[in-house]
Structures are given as C-alpha cells and as structure tokens.
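No lab work stands behind these numbers, since they all come straight from the coordinates. Everything quoted here is computed from the prediction, not taken from an experiment. Cβ atoms come from the backbone with ideal geometry, glycine included; neighbour counts cover every protein chain shown.
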Amino acid sequence: MIKVNYKPGPINLYNIGNIQEIKRKKTCEKHLATNKGINLIGFCENKKCKVCGQKVIQNIYDFKLDLTKINGKMKCPICKESCDVNNIGFFNCYYHIYGTQFNSKTDTMEPFNEEIPHFENAAINNGFVIIKDKKIKVNKTPKNKFVCFNESGDKILYIKFIIQVKKFKD
Ligand SMILES: [Zn+2]
C-alpha cells in the first residue's frame, strides 16, 4: 500500500469492464512515464507546478492498491502534490479488481469480484486463478501495450475499489 494521509471515501471511476489500449512511447517526459503494474492517471492541479493542467502518471510499485482507502487521490510525480485519479493504466501485468459499487438504478450497493489471496504469486492458467473449487477470471494486458479504462462512458460510484496485480516476468 502507498503511504498517503487521505481520508478513505467512495470514488468515481469509469466502468472497469470497458478497456482501451493506448500507444506507449518508449521514452517520454517524466510526468508521463509508465511502469509495469499499476499506473494512476490524473491531472496536476498545482498552479506552481510546471505541468499544471497536464496529464500526470504515478507509478505504483505495490502489488495491491486500495483506491478508496486513499479517497481516489494520487501524487503528481513532479511536484508531489495530490490530485484526483481520473483513470488507471496497466502495463505488462495481470490485474484483478474487486470491491463494491453503487447501482444508481436500483439504489443498492453491489459487491463485485472477490480478493485473490497472494495474487502476485498465484498460478494463472488460461486466464484463470483457481482457489479451492472456484475459478476466477483475471485480466491480462497485451504484451508491451498500455491499457486503461475507456473514458467515453459515465463514471460509476465505487464504495470499495481494490486493485491487485501480478507483473509479467521479463
Ligand atoms: Zn504537479
């Protein structure tokens, strides 16, 4: 888990089932650098920062991140000030997301997926992890392609949003 002092709270984020692929440049400016695993994407709002108003990416080196625990916040890699996470990118990894979302049509909280214990070390066969008698489907990024959620749809309110990754071996 990354250490930040934000209050926990629900977050607004895109539909996690709707993914888009983004071209990844081999070399790029520091504030747009991506890394294997989880990459939080936002816009720096610090007027004193040289990339204020621009897209910024924070690389998360952990295998697990509870985004609601940090209230959907991230740090600008240049000025280290916090800003809202607008999207999440994944690179060269398997990823699994679980939590609780709010269904505005039925006015109910709906849990989705479940935690995969020690996902970073789990055996994955044909896109599935097998836990006891359960088969859980996991997501896989195309090799050397950066993927994130499609920003065209409406955002969903997530009461709990936890990401797990297993990075590809080199
Ligand atoms: Zn900044």
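Brief remarks follow.
- Length released on extending from Asp107 to Asn35, taking residue separation times 0.36 nm less the Cα-Cα span: 22.2 nm
- Two-decimal Rg to Rh for segment 11-167 - Kirkwood Rh, Cα set: 0.97
- Per-residue Cβ neighbour rank within 10 angstrom, fewest leading, Glu110, Glu45: Glu110, Glu45
- Protection proxy ranking for 67-75, 18-26, using the average of other Cβ atoms within 10 Å per residue and placing the highest first: 67-75, 18-26.
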